[in-house]
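Every number in this text was worked out from the coordinates using simple rules, so none of it is lab data. This structure is a prediction, so every number in the text was calculated from the model and none was measured. Positions of Cβ are generated from backbone atoms using ideal geometry, with glycine treated the same way; all protein chains shown enter the neighbour counts.
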Ligand SMILES: Nc1ncnc2c1ncn2[C@@H]1O[C@H](COP(=O)(O)OP(=O)(O)O)[C@@H](O)[C@H]1O
Ligand code: SF4
Ligand SMILES: [Mg+2]
């Protein structure tokens with residue numbers, strides 16, 4: 001059933017905006033090994049949610065689970081529901097590939113770190129942008145698709161878009177290629193855009209420009225966005241909510257401002273301390289995280305962060321309870337940062 005369209009901004013209406021993504025109790029296993037455990041996550045229409053955590057924490061696996069793009073050896077359990085612009089729900093886990101193809105590229109799209117992952121090296125970029133619209137029949141004919149592709153290439157800031165449309169990917173710079181990918185990702189006005197380190201591979205000089213394009217494209221469509229990055233400053237400027245992942249689990253979630261200035265989980269505190277957000281301890285020293293991320297299956301039982309945490313006690317040998325009002329706001333730590341410890345952390 002589609003929701004009635006009401007001309008009131010979400011924050012002024014009593015209705016909670018519709019979820020475009022709902023992940024409930026997602027687990028991903030490879031054989032006996034659990035790579036993701038009990039992941040809960042929602043993104044509403046128009047909402048931008050960050051997903052942070054060190055490399056190897058399970059962020060990309062979460063994104064691939066949502067897209068239904070996990071490697072065949074990996075088995076997902078739980079529930080992932082995507083709701084498209086037309087109100088159509090897709091339950092991703094357990095759905096046949098043929099049905100997911102209809103969802104992917106239309107209801108939900110993804111921008112990867114490396115643009116060539118999404119581009120066909122043997123096809124002109126204009127034709128590739130046109131093709132995503134033709135596949136999903138969001139344009140009436142070939143001619144309209146080609147014209148709209150040039151329009152989209154113009155919107156993402158490619159100079160001389162009609163000429164650029166005729167180029168092959170190798171004739172463009174990395175930044176231009178990622179702009180083409182952004183055009184493809186937005187072509188069908190998706191309800192949800194997932195970005196996995198979308199600017200990490202680009203020149204520092206073009207990173208901010210491409211990021212700005214993505215955010216403006218999402219805003220113009222009132223789409224939801226799940227934004228994966230190791231750059232906490234970008235999350236602080238782009239997202240309203242954030243989830244912190246470690247060891248294949250969400251260890252903390254909440255409003256960006258709150259999580260970044262008053263982290264509760266010891267891992268979050270370390271992550272923020274180790275970032276260039278420049279938060280220092282009351283004694284002026286930097287917080288850091290000792291040791292490195294274990295490989296899959298090598299995380300300790302109980303709290304997954306236990307072997308790196310200076311606050312660990314025997315209690316931490318059992319799985320910490322989730323404390324908070326719900327999956328969008330809370331943390332799982334037996335000995336959270338107390339407000340007194342947190343004084344001096346934060347700033348703005
Ligand atoms: N296809 C796979 N088979 C086995 N292990 C995998 C596979 N893909 C990822 N992993 C493991 O799962 C863990 C989480 O990976 P990933 O989600 O890519 O982390 P992140 O994106 O946070 O860096 C890592 O330990 C990684 O080695
Ligand atoms: S539960 Fe224990 S080991 Fe885990 S982060 Fe909290 S204090 Fe550290
Ligand atoms: Mg990753």
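Counting neighbouring Cβ atoms within 10 Å and putting the fewest first, the residues 69, 61 line up as 69, 61. For the chain, what is the percent of antiparallel DSSP beta bridges, rounded to the nearest 5? Approximately 60 percent, going by the DSSP bridge assignments.
Short-range pairs are left out: with C-alpha atoms under 8 Å and at least six residues apart, the relative contact order of the chain is 19 percent. For the chain, the longest principal axis of the Cα atoms and the long axis of helix 142-155 meet at an angle of about 50 degrees. As a proxy for reagent exposure, 32, 219, 54 were ordered by neighbouring Cβ count within 10 angstrom, fewest first; the result is 32, 219, 54.
Of the candidates 194, 111, 289, which one comes out as most mobile in a Gaussian network treatment of the chain with C-alpha springs shorter than 10 Å? In this elastic network of the chain, the residue with the biggest mean-square fluctuation among 194, 111, 289 is 289. Taking every DSSP helix (H) stretch of at least 4 residues in the chain, weighting each as -39,500 (n - 2.57) and dividing the sum by the residue count yields a mean residue ellipticity at 222 nm of -8500 deg cm²/dmol.
Give the angle, between 0 and 90 degrees and rounded to the nearest 10, that separates the Cα long axis of helix 125-135 from the longest principal axis of the Cα atoms of the chain. In the chain, helix 125-135 runs at an angle near 90 degrees to the longest axis.
Taking other Cβ atoms within 10 Å as a rough exposure proxy, 143, 311 sort from fewest to most as 143, 311.
By the Cα gyration tensor, the chain has an equivalent ellipsoid whose semi-axes, rounded to whole angstrom, run 36, 22, 20 from largest to smallest. With a 10 Å cut-off between alpha carbons and a GNM built on the chain, which of 19, 107, 203 moves the most? In the Gaussian network model the winner is 203.
Between 18, 114, 328, the GNM of the chain built on Cα springs shorter than 10 angstrom shows 18 fluctuating the most.
Entry note, the range 121-240: relative contact order of 25 percent, from Cα contacts under 8 Å with a spacing of 6+ residues. Measuring nothing but how far apart in sequence close Cα pairs (under 8 Å, 6+ apart) lie, relative to its length, the range 18-170 scores a relative contact order of 18 percent.
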